[in-house]
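Each remark here refers to the structure printed beneath this line.
The values are calculated or read from the model by the stated rules, or taken from the named source; none is laboratory data. Being a predicted model, the structure only gives us computed values, none of them experimental. So basically every Cβ, Gly included, is an ideal-geometry build from the backbone, and we count neighbours across all protein chains shown.
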Amino acid sequence: MNGVFPALGGTEGSRSWFERAQASLAGGISSSARLTSTGPHPYPLYMTSGSGARVRDVDGNEYIDYLVSYGSAVLGHASPLLTDALTDVLRTGTMFGTCNVPEVELAELICRMVPCAELVRFANSGSEAVQGAVRAARGYTGRSTILKFEGHYHGWSDTLAVSNRPTTAEAGPYGAPHAVPHSPGIPPGVVDDVVVRPWNDPAALRSALDAHPGLAAVICEPIVANNACTMPDTGFLDLLRQECTARGIVLIFDEVCTGFRTGPGGAQTLFGVIPDLAVYSKALGGGLPIAAFAGRREVMEPLASGRVKHGGTYNASPLCATAALVTLRALNDPAVTGRIDETGRRIMETVRRAAHDRGVPCAVQGVGAMFQVVFTPDGSPTRQYRDLLTADGGRYDAFRHELLKRGVHTNAYAMACWFVPAVVSDADLDATCRAVEDAFAVL
């Protein structure tokens, strides 16, 4: 790819492919999250190639990429580290449905990197790994009910697809929100096993724990990637740990987004709070489909003994386990994750300065590795899901399109976030910051 970033040109090719796709793919897409628009145009972009921090669409438009497969391609696109290692696996066999050496080496590395990890199990996606962690917690405690937080996302499967994006009318009382199924097709019995509370509210948390003494687990995104990187209030994660310990409840961190990219130990190292179980995907595989749940030996023992069941033909295939092993060896170097953080923080500061200079109220929240720009009415950061319902989504859409026109590709959803790859060059970073400044000039 060349070093020039042309303004967003025609996207007729993407429009044409989307029209064609609708004849064979349900809705024209393979994931509901891909039902996006290209600025004012009602179709998604179709990407054909990527290298490092850049991607190119079917019309030849080139972008610096801060979606990076929703954070998965943390080492960049077509990383030579991965290409070289995976080429060898392609020659010798990608999967056998048996145990293999890379899965053992990978589990050992995760146990060294992750504070809570004494035993590990692998899966293929974050949704699968969440299901595994919840089953492990239920099997260990002998209880069924799970407490989750309003707006937190734990995958598309029935188990916890509850109150991810409720409307104001659906959400119910602030202190005791309704458990709202994310989609038709989720049985009422599944929803009945989920208790929902607002994030960052100690009183609401304690009232729920008092009212539901038979909880199997409390689960959260430590940094709420799916609520525009809403951060935990100081001490809130510590409170979760204290209350779960005192009441014999399993604490689960969903680190599908935070894991490994925010530092070698993820959010539990970043905040100094160690859960009983943690769930990983995204950055774990460097762009290949692999996930894991890991935790204390005592909690994982029913799974290890075979009393609690968990399986999967594709779990930790040699291809995906090798990709994860290569990726984690790179991310275990603090210099790599430090570079990711520094890059993101410079972009965050550029957004803040541009917003201030142009008089545009917005919050820039998260950490360098993953963050979001939220156009709140007064520029205050969000503390919980309902704060996002008053944000200016139209202005976010305009901001994203102005960035696309200037060769910067970000998440289409205002409630999601930017993910920073490890391979953003100085030139990429300078171009990104110029695009941000120019975009704010026309907002």
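Tabulated values for the structure
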item: Residues (in contact (Cβ under 8 Å) with a residue 24 or more places away in the chain, part of a loop (DSSP other than H, G, I, E, B) and more than 15 Å from Asp65 (Cβ to Cβ)) located in segment 18-48; result: Ser37, Gly39, Pro40, Tyr43
item: Any pair with Cβ under 7 angstrom, 6 or more apart, that starts in segment 428-443 at a residue that is within 10 Å of Ala355 (Cα to Cα) and ends at one that is surrounded by fewer than 16 Cβ atoms within 10 Å (Cβ to Cβ); result: Phe440/Arg358; Ala441/Arg358; Leu443/Arg358
item: Residues located in segment 105-133, provided they are of a type in the set (S, T, N, Q) and either in contact with a Ser or Thr (Cβ under 6 Å, 6 or more places away or on another chain) or within 11 Å of Gly155 (Cβ to Cβ) (or both); result: Ser125, Ser127, Gln131
item: Condition broken by Asp59, with the remaining ones in (1) within 28 Å of Phe122 (Cβ to Cβ); (2) in a loop (DSSP other than H, G, I, E, B) satisfied; result: (1)
item: Tally of residues being surrounded by 15 or more Cβ atoms within 10 Å (Cβ to Cβ), among the charged types (D, E, K, R) and over 14 Å from Gly71 (Cα atoms) across segment 330-341; result: 1
item: Single residue of Ser51, Ser72 found to be modelled with pLDDT of 95 or more and part of a loop (DSSP other than H, G, I, E, B); result: Ser72
item: Only one of Asp88, Asp65 that is of a type in the set (D, E, K, R), over 30 Å from Val190 (Cα atoms) and touching a His at 6+ places or on another chain (Cβ under 6 Å); result: Asp65
item: All positions within segment 374-409 that are β-branched (Val, Ile, Thr) and farther than 17 Å from Val68 by Cβ; result: Val374, Thr376, Thr382, Thr390
item: Some residue of segment 361-377 being small (Gly, Ala, Ser) and closer than 30 Å to Thr167 by Cβ; result: yes
item: Single match in Glu221, Glu298, Glu255 (criterion: surrounded by fewer than 21 Cβ atoms within 10 Å (Cβ to Cβ) and either under 29 Å from Asp192 (Cβ atoms) or without any contact (Cβ under 8 Å) to a residue 60 or more places away in the chain (or both)); result: Glu298
item: Residue ID - surrounded by the most Cβ atoms within 10 Å (Cβ to Cβ), chosen from residues in segment 410-443 that are of a type in the set (Val, Ile, Thr) and under 21 Å from Ser69 (Cβ atoms); result: Val420
item: Verdict on Leu209 being out of contact with any Ser or Thr (no Cβ under 8 Å at 6 or more places or on another chain), touching a residue at least 60 places away in the same chain (Cβ under 8 Å) and within 25 Å of Val256 (Cβ to Cβ); result: yes
item: Some residue of segment 326-335 being touching a residue at least 12 places away in the same chain (Cβ under 8 Å), in a helix (DSSP H, G or I) and among the charged types (D, E, K, R); result: yes
